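Any read-out appearing in this document is the output of simple, stated calculations on the displayed coordinates, not a laboratory observation. Everything quoted here is computed from the prediction, not taken from an experiment. Cβ placement follows ideal geometry from the backbone for every residue including glycine, while neighbour counts extend to all protein chains displayed.
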Amino acid sequence: MFPKNAWYCAGWDHDFNMIANRLVPREIAGELVMLYRKADGQMVAMEDRCPHRQAALSLGTKEGDGIRCGYHGMLFGPDGKCREIPGQTKIPERATVRIYPVVEKDGWVWVWMGDATKVDPALIPFAVGPHEPGWVLKTDYMPVNTNYRLEIANLMDLSHLTWIHKATLGGTDAYTNAKVKSTVLERGVRNEFVVRGLPLPAFAQHLFPKGMLIDIDYHVTCTIPCTWVLHFRAYTAGTATEGPPNGQLILDTWSGQAVTPRNEDWVDYYFSWGTSVETTIRGLPETLIHGAPPAFLENKAVPEAQWKRMKKNPGGNRLRIANDADGNKTPAVLDKILAAEAAAAMAA
Ligand code: FES
């Protein structure tokens with residue numbers, strides 16, 4: 001189940017620039033969508049299904065700003081209306097394909113999967129993107145064979161850093177014992193916490209003085225359905241035991257992560273990470289995005305294995321522990337939004 005009246009990330013904007021006339025197929029929240037750019041650079045998100053015999057329009061060709069189906073040659077404009085049917089002059093009224101509202105923001109392409117009369121650009125989650133002049137952010141992508149609920153629960157339960165990312169990001173029980181200030185928002189959850197006196201992650205240690213310890217101030221916001229934005233600031237280990245760190249700021253970073261569900265079994269995971277211009281050091285943004293993939297891959301392996309087992313044993317997830325609290329909040333907000341949409345649909 002997926003919220004309908006919501007923006008879903010369809011990828012990084014540069015994914016749609018590489019090849020002229022490229023048609024990019026996506027499955028988003030259970031629907032088949034094809035994206036392309038018009039001659040003026042504007043994006044079009046079109047249902048990837050010909051109304052004639054359901055051929056994939058992404059297997060067709062771009063003609064001007066329209067798409068010609070590769071099976072029997074029907075031509076559709078960027079407004080979804082059929083312009084031409086080879087072999088006949090009459091074009092039936094219903095010869096149309098659905099067009100989805102699409103917006104580019106913060107380096108991501110967003111598609112509105114719901115009622116076009118309810119489009120609300122204000123619902124696009126806040127993020128610091130790779131084009132921001134004050135930041136050096138790198139981007140990447142991976143597909144994950146899991147249900148998106150498991151990813152949004154995982155991303156908000158940062159106690160997992162102690163365990164899943166023991167060898168890459170964690171290696172200390174500071175995350176398990178962190179005191180998290182958690183705020184439930186109308187469409188998400190924000191978590192704030194500080195961890196103190198940590199060693200640097202192994203992949204970045206060579207860039208800093210040997211044996212250096214740091215305090216880290218985390219501000220994390222998850223927006224339903226599937227976006228997770230992290231503002232992560234590292235300081236030299238200070239003397240404060242409560243409140244913000246009081247050491248020297250050595251690293252100011254943002255990471256934007258979108259875990260777009262294709263369907264119940266797959267997620268397209270688009271992520272960025274990098275540093276502010278003021279705190280970056282040579283090679284660090286590349287180290288974060290390329291040194292961290294083992295950590296991102298750990299976030300792939302665990303939810304994939306979980307989902308496989310949950311499908312085999314749907315009633316087997318009975319035990320709760322204290323550290324579930326943060327991870328359970330985002331699925332609860334998701335359920336509230338799904339229930340509200342279902343109630344609105346019933347009322348209509
Ligand atoms: S399936 Fe597209 S024109 Fe026939």
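At a glance:
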item: Rounded Å value of the spacing that divides the Cα centres of segment 136-215 and segment 54-78; result: 44
item: Exposed trypsin sites (Lys or Arg not before Pro) absent: longest stretch of the chain, with sites in DSSP loops and at most 11 other Cβ within 10 Å deemed exposed; result: 95-178
item: Sparse-neighbour loop sites [GluC sites (Glu not before Pro); segment 1-105; at most 12 other C-beta within 10 Å; DSSP]; result: Glu93
item: Residue (of Val111, Ile67, Gln54) at the positive-pole extreme of the chain, dipole from beta-carbon charges; result: Gln54
item: Estimated Rh, the chain: Kirkwood, alpha-carbon pairs, angstrom; result: 22.0
item: Cβ charges +1 (Lys, Arg) and -1 (Asp, Glu), total dipole of segment 135-337, debye; result: 460
item: Rounded to the nearest 20 debye, dipole of the chain from Cβ charges on Lys, Arg, Asp, Glu; result: 780
item: Binned Cα-Cα distances of segment 135-337, short to long, each 10 Å bin given as a whole percent; result: 9, 35, 38, 15, 3, 0
item: Mean-position separation - Cα centroids, segment 321-348 and segment 1-34, in angstrom; result: 24
item: Candidates per chymotrypsin sites (Phe, Trp or Tyr not before Pro) in segment 1-104, loop by DSSP, up to 15 other Cβ within 10 Å; result: Tyr71
item: Cβ-placed point charges (K, R +1; D, E -1), dipole of segment 1-87 about Cα centre in debye, nearest 20; result: 180
item: Above-threshold pairs, the threshold being 28 Å between Cα atoms, out of Lys105/Lys312; Lys62/Lys105; Lys118/Lys179; Lys138/Lys166; Lys138/Lys311; result: Lys105/Lys312; Lys118/Lys179; Lys138/Lys311
item: Cα Rg, Dmax (largest Cα-Cα span) when computed across segment 7-123, Å; result: 14.0, 45
item: Contour excess over end-to-end distance, with Cα ends at Asp140 and Ala339 and 0.36 nm allotted per residue; result: 68.3 nm
item: Charge dipole of segment 201-308 about the Cα centre (unit charges at C-beta), most positive-ward option of Pro201, Ile216, Ala301; result: Pro201
item: Coil-residue GluC sites (Glu not before Pro) of segment 244-338, DSSP, other Cβ within 10 Å capped at 11; result: Glu278
item: Overall dimensions of segment 235-348 as given by Cα atoms, namely Rg and Dmax in Å; result: 19.8, 58
item: Dipole of the chain, positive end: most advanced residue of Ala258, Tyr148, Asn21 [Cβ charges, Cα centre]; result: Tyr148
